[in-house]
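Here the structure is laid out as structure tokens; the discussion comes afterwards.
The values are calculated or read from the model by the stated rules, or taken from the named source; none is laboratory data. Keep in mind that this is a model prediction, so the values were computed, not measured. Don't worry about glycine lacking a Cβ; one is built from the backbone with ideal geometry, like all the others, and counts go over all protein chains shown.
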């Protein structure tokens, strides 16, 4: 679990550091009515990162084979897209690029979920809340783009 945990924790830290730079720029953005309060994001992401790490760990501990290898590759891809979103959105103020990143995150996450279901169904099901959250985040990101364009 060491490497998977370290990669997941590193991604979480990148996101936390970038989103902590939520200065006047972010407060001035027009946001949709369905945006949750800021206090929701920390606990939700804590659960999401825990589930994604546990899911990858379960896949890692299954017998080697093509599906396991593809699963882990796709897991790494979704982690990379996840790490990219917060710096794009919060640091660079590139909401449209962040939305494109969220689409890529969703595709890689759906791919991981589908392929990992062949390796460990429980691991795949652990990603259901994350898939839903990424969909919600995409709607939120899209509305922020629309309202501030």
Take residue 62 and tell me if it is surrounded by fewer than 21 Cβ atoms within 10 Å (Cβ to Cβ) and part of a loop (DSSP other than H, G, I, E, B).
yes
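Condition check ((1) within 18 Å of residue 8 (Cβ to Cβ); (2) within 12 Å of the chain's Cα centre (by Cα); (3) surrounded by 15 or more Cβ atoms within 10 Å (Cβ to Cβ)) across all residues:
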position	(1), (2), (3)
44	yes, yes, yes
57	yes, no, yes
66	no, no, no
77	yes, yes, yes
89	no, no, yes
116	yes, no, yes
121	no, no, no
124	yes, no, yes
140	no, no, yes
Farther than 20 Å from residue 18 by Cβ and not in a loop (DSSP other than H, G, I, E, B): which single residue out of 139, 98 fits that description?
139
The lone exception for residue 76 - which of (1) part of a helix (DSSP H, G or I); (2) more than 22 Å from residue 144 (Cβ to Cβ); (3) in contact (Cβ under 8 Å) with a residue 24 or more places away in the chain; (4) in contact with a helix residue (DSSP H, G or I) (Cβ under 7 Å, 6 or more places away or on another chain) it fails
(4)
Filter the stretch 30-42 for residues that are part of a loop (DSSP other than H, G, I, E, B) and under 20 Å from residue 12 (Cα atoms); the one that is modelled with the highest pLDDT is 36
Among the listed residues 138, 111, which satisfies the condition of being farther than 21 Å from residue 27 by Cα and at pLDDT 95 or above?
111
